[in-house]
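Derivation of every value follows stated rules applied to the coordinates shown; laboratory data play no part. As the structure is a computational prediction, the values presented were derived from the model and not from experiment. Ideal geometry is used to build each Cβ from the backbone, glycine not excepted, and the neighbour counts take in all protein chains shown.
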Amino acid sequence: MSRSERRESKAPAPVPVVEEADHTPLSRPGQHIDQEELIDMTAMVDIVFFLLIFFLVTSMQSLGSSIPLPTPDAQKGSGAGLQTLQDFEESADYVVVNIDRNDAIQVDGLPVGGPDDLLLRLQELRRAPDGPNKLLVVGSGEASHGTAVMVLDTGHEAGMERVRMSIQSDAE
């Protein structure tokens, strides 16, 4: 081989020319995803965590909101203490508040006008020398629940340390 033949063989091969009209892609493009159709899951996950925390906290709170009750003692059973309404009325340790079927309130047999009058009356009895520190609420079965709760709250506000409640039918 001569030198001129070697030069010709080393010459670059001509590049094929592609026309502009023939521009079909080699592979099909992916499906177009509209950004407005996507759901952002970040907010959903945040809400789930907030609900989880909320239910955990509220379930823990209910454990601590129970009222501790003393255990029953067999020695202090039915044989000890006051048993009848007359025993409580005669006791100097108890103030007896009666609620009749029309929600009229009486303290030791004397009528009371309303919550303020009841509070003053209970505080007056409580502050007396050797004043009673226990309250017995005797309510009619026909009395409203709101009146009974109001009497119990007023007794607590007046400083009564022990409160008992009894329900009496109208036949008694």
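Of everything in segment 92-115 that is surrounded by 14 or more Cβ atoms within 10 Å (Cβ to Cβ) and out of contact with any strand residue (DSSP E or B) (no Cβ under 8 Å at 6 or more places or on another chain), the residue that is nearest to residue 138 (Cα to Cα) is 103. Within segment 116-140, restricting attention to residues that are within 10 Å of residue 95 (Cβ to Cβ) and in contact (Cβ under 8 Å) with a residue 40 or more places away in the chain, the residue that is surrounded by the fewest Cβ atoms within 10 Å (Cβ to Cβ) is 133.
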